[in-house]
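The values are calculated or read from the model by the stated rules, or taken from the named source; none is laboratory data. Please read all numbers here as calculations on a predicted model, not as lab measurements. Here Cβ is always computed from backbone atoms with ideal geometry, including for glycine, and neighbour counts include all displayed protein chains. Heads up: the accessible areas ignore ligands, DNA and RNA and are worked out on the full protein's heavy atoms, side chains in. Shrake-Rupley method; radii C 1.70, N 1.55, O 1.52, S 1.80 Å.
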Amino acid sequence: MGNRVVEKIKNLYRKDKLSFFFLSACYFLLFAIFVSFPVLSGIYPFNYVPIFFSVLFAVCVFLYLYIKKRLFLSPMMFSLLLFGAYSILVTCFGSQDFSYAFTLMSNILICCVIAEFVASEKCAGVVIKIYALAIAFFFIVFLFVYRAEILSLHFERIGELFGNLNQVGFTLLTGSIAFSWWALSTKKWGYLLFIPAILIMGVALFTGSRAVLINSFLLVVFVIFSLYGRKKIWLSILTVVVLAILAVGILSLPIFTGLTERILSLLSTLFGVGEGNYDASSVQRFNMIIDGLNLWSKNIVFGYGLDGFKNALSYGTYSHATLIEVLCNSGLIGVLLFFIPVLRCSFVNPKAKEYMFSLAYFVCAIVVGLFFQMLIYSKAFYFPFSIMLGLYEYSSGGFKYTLFIERKSHSWLPFFSYQKGNISLTRTFVLESRDIRL
C-alpha cells in the first residue's frame, strides 16, 4: 500500500507537478496535524500551531480535490455536520453555554476533511500508518519530558503537561491500536511492529487512566484472538489468562503503584472487597451516569444544549461519559445524528485490508468511551474515526445518496450532481483489492 502511494506521487511529479505539490502537501500536513495536536495542544501559546496546520490542510485538500478531482458530501458526513449544527442550535434555546462549541465543530470539520481526503485517494491504510508514526513521535517526546520520573520508578500519574491525563492516555492508546493493525496486516516482519504497540500502551498506563487500562486489556484480547483465529480459541483463552497473570505481576512494580491503588480502590468500591479504600471518583462517575439519565428523561427528544449536564447539575463539569453527554446535550436527535455514522463506519467492507482497524477501534476504544470517556470533544477520537469514515465511503458506502461538487471543464465554476444509488465504487474496490493480492 505504501509503495503504491510513493509510486503514484512519483508519476504525478513526472506528469502533473501541480497535483504532485498538493498531494505531497496534504500528506505532510496530515502528519503535522497528527503530531502537533498531542504534543502542543496543552502548551500555550503553541496550541495554535496545530490549528494553523489544520486550516492549511483543509485549504490544500479543497484546492487539490476541486481542481483535480471532485468534492463530495455523503450522508455520514452530513449527519456529523448536522449533529454539530443542531447541538449549537439547541444551545441557543437551552444552556446558552458555548464554551465547547468551537471544539465540537472544529473536531467535526477536521474529521470530515480528513475523511474526504482518505475517500478520494483511497489511502486509509497509508493514513493509519502515518497516524501510528505520529503517535510514536509523541511517545518519544513524552518519554523525554518525563524521563526523570520514569527512571525514578516512583510517581503516581504523569502527562499533565500535554493536557488532560485521561485524554493523553487515550491518545497514546489509539497509536497502539494503529500499530497493532499494522502488525496484523504485515505478513513477513509484522510481529516487530507489536514492539512499539506494547511500549506505547505501557506508557499510556503511566497516565493512571482506568479507562485506558480497560482499553488496553480489550486491545490485547482482540489482538490475541485475531492472531490465533476461531480454530484455536482455547489457545487464545489460555494466552489471555497467562498474560493477565503476568499483568498483575507487572502492576505490582513500584512504577505502577498509583495505578494499582486506583484499581484496588475501584474494586473495593464496586464489589466491597479489599481493605475498604473506597474510590470517590468512581462513585461520583457512577452517580453522574444515574443523574444524567434522570436529567435526560425530563427532555428526551431535544436535550439541553452544550454543557447541559454541567449547567443543570451540581458536579461543575461534564459527565465523563460520551453517551450521557450526548443524551443530555442533544437528546435523542443528537444521539441518532452522532451515533449512526459512528456505528455504521465501524463495520466497513470485510474485504478491506483496514477492516480490522475499524473493528479494533470500535471494540477497544469506542465501546469503552461510551461510558468512561469523553469522545465528542477529543481529537484523539476524531482522527482515527475520520480514517474509518473515509474507508467506509470507498469500501462499503459506495457514495450512495451523495452530493458531488466538481469544477466545470475549462472553468472555475462548480458543477453539482447527486448520486442516488450505490455507484460501482464498491465493485471497483473489490477488484483493486484482488489485483493487489495477486
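For region 200-218, a tally of residues being more than 19 Å from Gly163 (Cα to Cα) and either modelled with pLDDT of 95 or more or of a type outside the set (A, V, I, L, M, F, W, C) (or both) returns 2. Of the helices (runs of 4 or more DSSP H) entirely within region 147-253, those holding at least 1 residues that are closer than 23 Å to Phe357 by Cβ occupy 165-185, 194-205, 210-228, 233-251. Screening Ser314, Ser346 for residues that are modelled with pLDDT under 95 and touching a Phe, Trp or Tyr at 6+ places or on another chain (Cβ under 6 Å) leaves exactly one candidate, Ser346. When every residue of region 296-304 is checked against the conditions, none turns out to be of a type in the set (Val, Ile, Thr), assigned to a helix (DSSP H, G or I) and modelled with pLDDT of 65 or more. Just so you know, in region 393-425 the residues that are in contact with a Cys (Cβ under 9 Å, 6 or more places away or on another chain) and at pLDDT below 90 include one that is farthest from Met76 (Cα to Cα), and it is Ser396.
Screening Ile128, Ile140 for residues that are closer than 24 Å to Val348 by Cα and not polar (S, T, N, Q) leaves exactly one candidate, Ile128. From the list Ser74, Ser41, Ser36, Ser79, the one residue that fits, being touching a helix residue (DSSP H, G or I) at 6+ places or on another chain (Cβ under 7 Å), within 16 Å of Val118 (Cβ to Cβ) and among the polar types (S, T, N, Q), is Ser74.
Residue pairs whose Cβ atoms lie under 8 Å apart, sitting 6 or more positions apart in sequence or on different chains, and linking a residue in region 285-300 that is touching a residue at least 24 places away in the same chain (Cβ under 8 Å) and closer than 18 Å to Gly334 by Cα to a partner that is open to solvent by 40 Å² or more (accessible area, probe 1.4 Å) and in a helix (DSSP H, G or I), are Ile289/Phe371; Leu295/Ala312; Ile300/Leu332. Selection of region 91-106 for residues being open to solvent by 20 Å² or more (accessible area, probe 1.4 Å) and either under 18 Å from the mean Cα position of the chain (by Cα) or β-branched (Val, Ile, Thr) (or both) yields Thr103, Met105, Ser106. Of all residues in region 69-81, those that are open to solvent by 50 Å² or more (accessible area, probe 1.4 Å) and in a loop (DSSP other than H, G, I, E, B) total 2. When Gly84 is tested against the conditions (1) open to solvent by 80 Å² or more (accessible area, probe 1.4 Å); (2) within 27 Å of Val342 (Cα to Cα); (3) free of Cβ contacts under 8 Å to residues at least 40 places away in the same chain, the lone failure is (1). Inside region 33-49, residues that are in contact (Cβ under 8 Å) with a residue 24 or more places away in the chain and crowded, with 17+ Cβ neighbours inside 10 Å make up a count of 8. When region 50-61 is limited to residues that are more than 18 Å from Thr103 (Cβ to Cβ) and out of contact with any Leu (no Cβ under 8 Å at 6 or more places or on another chain), the one that is surrounded by the fewest Cβ atoms within 10 Å (Cβ to Cβ) turns out to be Val59. When region 9-22 is limited to residues that are over 15 Å from Val113 (Cβ atoms) and touching a Leu at 6+ places or on another chain (Cβ under 8 Å), the one that is modelled with the highest pLDDT turns out to be Phe20. All conditions in (1) open to solvent by less than 20 Å² (accessible area, probe 1.4 Å); (2) without any contact (Cβ under 8 Å) to a residue 40 or more places away in the chain; (3) within 23 Å of Tyr418 (Cα to Cα) hold for Tyr64, with the sole exception of (2).
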